[in-house]
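Heads up: the structure comes next, in structure tokens.
Bear in mind that the values in this text are calculations on the coordinates, not laboratory data. Quantities reported herein were computed from a predicted structural model and do not represent experimental measurements. Note: ideal-geometry Cβ built from the backbone for every residue, glycine included; neighbour counts use all protein chains shown.
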Ligand SMILES: [Zn+2]
């Protein structure tokens with residue numbers, strides 16, 4: 001957790017600043033999505049609230065870092081999307097290399113782009129609840145606020161996917177609390193950390209992102225990338241290099257343990 005805490009200062013600021021921009025764009029998309037759904041007669045809110053706890057088997061409340069692929073396993077985790085520009089490019093690369101990943105989505109992005117959420121699920125990747133609005137100061141807020149952010153995102157993602165639930169919860173910026181971990185775990189969403197922060201969000205250059213993965217992989221198997229929140233060209237290019245490199249090194253791609 002030291003690395004999470006240590007990384008949160010800059011991360012929160014960068015994400016917070018970027019999210020301000022993202023939110024404006026999302027607002028328009030959400031409105032469009034809602035307008036579209038009127039004709040379909042969908043009543044997603046009612047369906048989700050009708051099954052509190054339905055189908056959710058409680059999981060461990062500790063923050064997972066390990067891979068279910070064993071000692072040479074690595075977990076590719078992709079945060080903050082889905083995004084209509086970057087997510088399809090990431091999905092293409094994962095498919096090309098036969099890699100399954102974990103997508104930590106915000107409720108707002110999932111609600112705005114349900115087609116992309118369904119694409120992620122159809123390709124065999126796993127979903128992770130990344131809160132509704134990516135408030136990196138969530139650990140300073142009330143339990144009621146945390147609950148709403150986590151459970152509303154769970155509902156929004158599940159609706160967008162067509163009923164496939166997120167099976168992890170990753171606090172925005174790593175801002176977990178004992179309460180948020182317990183709540184997520186009670187809903188079958190294992191709290192999810194990371195070991196390698198590629199810092200792709202800062203756009204340090206493709207080479208720097210790749211170098212960070214190589215250097216920090218001994219820290220542990222769970223690697224953090226982003227597919228939204230700004231220009232992710234460097235992330236896509238880095239994945240294009242990192243995925244085959246990991247294979248060459250003998251790593252197996254897996255999911256975080258639950
Ligand atoms: Zn995030």
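So the values come out like this:
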{"item": "Prolate/oblate/rounded label for region 111-203 (Cα gyration tensor, a/c 1.5)", "result": "oblate"}
{"item": "Projected label distance in nm at residue 233 and residue 137, using a 7 Å step from Cα toward the beta-carbon", "result": "3.4"}
{"item": "Ascending count of other beta-carbon atoms within 10 Å, so fewest first, for 134, 125, 113", "result": "125, 113, 134"}
{"item": "Burial ordering of 145, 169, fewest other beta-carbon atoms within 10 Å first", "result": "145, 169"}
{"item": "Fewest-first sequence of 63, 209, 150, 157 by Cβ atoms within 10 Å of each Cβ", "result": "63, 209, 150, 157"}
{"item": "Relative contact order of region 101-185, pairs being alpha-carbon contacts under 8 Å that are 6 or more residues apart, as %", "result": "37"}
